[in-house]
Amino acid sequence: MTRAALPAYLLASVTGLAGMTAVLPVAGGATMPLGGTDLPLAYVLPPLVGLALFQLVFGAVTGRWRGLRFWAVGLPVTVAIWGAGLVLMLGGHVTPIQALAGVSVALLLAGLLAGGAR
């Protein structure tokens, strides 16, 4: 990622993180069946929404549309980071605000590393 793309990256990241946070009340206590168990949508929906918003904003601002590789790498990384935040929060190790801050910083750094920030 070039320095010129950094403002677009930050805007897209903040939009994606805001979307991840905003979708939590929408997901509420809803669940979806997965392999014989009910998986809370709050575990699955935020990473999908965050990545989709990131993709839309970054692509619209820079004209760089990420393809299959973006989703193949970005989705597992985002889910792992989001899941780690949930584990720490649900285990009582951090507060929800601390978990959200940690997830936000980790996602920003992961994106910068993946984009080859210079």
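The values are calculated or read from the model by the stated rules, or taken from the named source; none is laboratory data. Quantities reported herein were computed from a predicted structural model and do not represent experimental measurements. As a convention, Cβ positions derive from the backbone with ideal geometry for all residues, glycine included, and neighbour counts pool all protein chains shown. Note: accessible area is taken over every heavy atom of the protein model, side chains too, but ligands, DNA and RNA are not part of it. Shrake-Rupley method; radii C 1.70, N 1.55, O 1.52, S 1.80 Å.
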Subject >> Average accessible surface area per residue within the chain, 1.4 Å rolling probe, Å² >> reply: 58
Original post:
Which order do Trp82, Trp65 take by accessible area at a 1.4 Å probe, largest first?
Top reply: Trp65, Trp82
Original post:
Percent relative contact order of the range 5-117, based on C-alpha pairs within less than 8 angstrom and at least six residues apart?
Top reply: 24
Subject >> Sum of -39500 (n - 2.57) over DSSP H runs of 4+, divided by residues of the chain (222 nm, nearest 500) >> reply: -25500 deg cm²/dmol
Original post:
For the range 24-32, what does the Karplus curve 6.51 cos²θ - 1.76 cosθ + 1.60, with θ = phi - 60°, yield as ³J(HN,Hα) per residue in whole Hz, taken in order and with x for Gly and Pro?
Top reply: 4, x, 5, 5, x, x, 5, 10, 10
Subject >> 0 to 90° range, to nearest 10: angle between helix 68-90 axis and the chain longest Cα axis >> reply: 40
Subject >> Using a Förster distance of 35 Å, the FRET efficiency for Asp38-Leu6 (Cβ separation, nearest 0.05) >> reply: 0.30
Original post:
Angle, helix 96-114 long axis vs. longest principal axis of the chain, Cα atoms, 0 to 90°, nearest 10?
Top reply: 40
Subject >> Accessible surface of the range 1-40 [probe 1.4 Å, protein heavy atoms]: carbon and sulfur percent >> reply: 72
Original post:
Long-range amide H contacts for Thr31: which residues qualify at under 5 Å (H placed 1.01 Å from N, peptide plane, sequence gap of 5 or more or a different chain)?
Top reply: Leu41
**OP:** Please work out the C-alpha center-to-center distance from the range 8-38 to the range 42-77 and express it in whole Å.
**Re:** 12
Subject >> Cα-based shape type of the chain, given that a ≥ b ≥ c are square roots of the gyration tensor eigenvalues and the cut on a/c is 1.5 >> reply: prolate
Original post:
What angle, in degrees between 0 and 90 and rounded to the nearest 10, separates the Cα long axis of helix 41-62 from the longest principal axis of the Cα atoms of the chain?
Top reply: 10
